[in-house]
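Engineer: One structure is given below, represented as C-alpha cells, and several questions about it will come after.
The values are calculated or read from the model by the stated rules, or taken from the named source; none is laboratory data. Fair warning: this is a prediction, and the values are worked out from it, not measured in the lab. With ideal geometry, Cβ positions are generated from the backbone for all residues, glycine too; neighbour counts draw on all protein chains shown.
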Amino acid sequence: MRASSKTLFGAVAILAVWALLCAAVEAAPRVTRNVTPMEGGGFLVKIRVTAVGDNVYGLRLVDPLASIRNVYAPKGWCMVTDGEELIARTGSEPVKDGATLEFIIHADSDKIAYVWTAFDRMKQIGTPGSL
C-alpha cells in the first residue's frame with residue numbers, strides 16, 4: 001500500500017469516527033405523551049421530554065388540529081401558544097442529559113398529532129418527531 005493511500009484511508013477513518021460522535025452528541029430527546037379526559041370536557045395532555053446527549057432549552061409543538069387551549073410551564077420555563085403552535089423556552093433550567101421534564105397542556109381534542117422540535121441554547125437538536 002502506498003503512503004498516499006494510507007493517508008487517505010486514515011483521513012476517511014477519522015472523519016467516519018468524528019461523524020458518529022457528532023451524531024451521538026446531537027441525538028434528539030425522547031418525547032412521549034399521556035392524554036387524560038377532564039371533568040367538564042377537554043383533555044389533559046402531559047408531554048414528557050427526556051434529554052439524550054444534549055441539554056434541552058426549548059421545545060416547539062405544532063398541532064394541526066389547533067386544539068391547544070391552555071399551557072402550564074414547569075418552574076423556570078416560559079410557554080406560549082396560539083392554539084396551533086406551542087413554544088417553550090428556558091435560559092436557566094434546561095432538561096439535562098438523562099433527566100425528564102413534564103409539560104402540561106389543556107386541549108379540546110384527544111387526537112394528539114403534534115409535531116415536536118427540540119432546541120439547545122441556539123440550534124435544533126436532532127430531527128423533529130411526531131406524537
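Engineer: Between a first residue in the stretch 58-76 that is free of Cβ contacts under 8 Å to residues at least 12 places away in the same chain and polar (S, T, N, Q) and a second residue that is exposed (fewer than 15 other Cβ atoms within 10 Å of the Cβ) and not in a loop (DSSP other than H, G, I, E, B), which pairs have beta carbons less than 7 Å apart while being 6 or more apart in sequence or on different chains?
Structural biologist: From residues that are free of Cβ contacts under 8 Å to residues at least 12 places away in the same chain and polar (S, T, N, Q), there are no pairs.
Engineer: Return the total of residues in the stretch 114-127 being in a strand (DSSP E or B) and either surrounded by 14 or more Cβ atoms within 10 Å (Cβ to Cβ) or at pLDDT 95 or above (or both). Reasoning before the result, please.
Structural biologist: Applying the first criterion (in a strand (DSSP E or B)) to the stretch 114-127 yields 115-119, 124-127.
Restricting the remaining residues to those that are either surrounded by 14 or more Cβ atoms within 10 Å (Cβ to Cβ) or at pLDDT 95 or above (or both) gives 115-119, 124-126.
Qualifying residue count for the region: 8.
Engineer: Also, quick follow-up: Please give the number of the condition Phe43 fails out of (1) touching a residue at least 60 places away in the same chain (Cβ under 8 Å); (2) farther than 17 Å from Ala28 by Cα; (3) touching a Leu at 6+ places or on another chain (Cβ under 7 Å).
Structural biologist: Status for Phe43: all satisfied but (3).
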